[in-house]
1. Please list the non-local residues whose amide H lies under 5 Å from the amide H of Arg42, H modeled 1.01 Å from N, same-chain partners needing a gap of 5 or more.
2. Tally Lys/Arg at +1 and Asp/Glu at -1 over every other residue whose Cβ is under 13 Å from the Cβ of Glu72; what's the total?
3. Step through the table entries Lys32/Lys100; Lys37/Lys69; Lys58/Lys144; Lys58/Lys133, compare each Cα-Cα distance with 20 Å, and write down the pairs that go over it.
4. Using the Karplus curve 6.51 cos²θ - 1.76 cosθ + 1.60 with θ = phi - 60°, work out ³J(HN,Hα) for each residue of the range 137-149 in order, rounded to whole Hz, and write x for Gly and Pro.
5. Helix-only estimate, please: 222 nm mean residue ellipticity of the chain, summing -39500 (n - 2.57) across DSSP H runs of length 4 or more and dividing by its residues, to the nearest 500.
6. Whole-Hz ³J(HN,Hα) for each residue in the range 127-134, computed from phi via Karplus 6.51 cos²θ - 1.76 cosθ + 1.60 with θ = phi - 60°, x for glycine and proline: what do you get?
7. Each label point is 7 Å from the Cα along the Cα-to-Cβ direction; what then is the distance between the points at His11 and Thr34, in nm?
8. Pull out the extension gain between Lys138 and Asp48, defined as 0.36 nm times the separation in residues minus the alpha carbon to alpha carbon distance; nm, one decimal.
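Where a number appears in this text, it was derived from the coordinates with a stated rule and is not lab data. Bear in mind that the values here come from a model prediction, so they are computed numbers and not experimental data. Here the Cβ positions follow ideal geometry from the backbone for every residue, glycine too, while neighbour counts run over all protein chains shown.
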Amino acid sequence: MPSIVIETYIHVPIERCFDLSRSVDLHTDSMKHTGEKAIAGRTGGLIDLGETVTWEAKHFGIRQTLTSKITEFDYPNYFVDEMVSGAFKSFRHEHRFVAKGGQTLMTDIFSFESPLGFMGRLGNVLFLKSYMKRLLQKRNEIIKQVAESLP
């Protein structure tokens with residue numbers, strides 16, 4: 001199962017990073033280039049434990065839907081979203097936050113399984129892992145920009 005780990009330092013309190021990371025609205029803004037929008041479940045505001053959101057977006061030229069659920073939640077330190085249905089065989093996205101001297105270390109751990117057996121594993125190596133890493137990095141850049149621009 002491929003995993004992607006991304007660490008981002010943000011110069012704001014941990015609570016702001018945590019809340020911006022679970023903002024459906026900010027997620028939508030950060031994924032505008034894919035046309036991503038929330039179409040069911042929690043479609044705006046801050047997602048919470050046990051809630052789901054269904055996303056619609058265009059990836060690799062194909063319109064897709066994916067539903068994820070918040071399965072673990074420890075404010076403001078940690079939350080996990082996991083795929084309920086969608087194009088992956090499975091995924092688990094851990095969001096971890098640690099306050100460090102006036103800033104927050106935000107760590108994403110994204111683990112996923114592709115469908116289609118050998119072909120899916122080959123796709124991971126050839127393009128999917130790097131594509132997902134770029135998406136997560138772009139999302140984190142937007143979170144950082146918004147977090148650090150607020151008073």
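1. Long-range HN contacts for Arg42: Thr52, Val53, Thr54.
2. On the way: positive: Arg22, Lys69, Arg92, Arg96; negative: Asp48, Glu51, Asp74, Asp81, Glu82, Glu94.
So the surrounding residues net to -2.
3. Table pairs above 20 Å Cα-Cα are Lys32/Lys100; Lys58/Lys144.
4. Values per residue, Gly and Pro as x: 5, 4, 4, 5, 4, 5, 4, 4, 4, 5, 4, 7, 8 Hz.
5. Helix contribution divided over all residues of the chain: -8500 deg cm²/dmol.
6. For the range 127-134, the Karplus curve yields 8, 5, 4, 5, 4, 5, 4, 4 Hz.
7. Those two pseudo-labels are separated by 3.0 nm.
8. 30.1 nm
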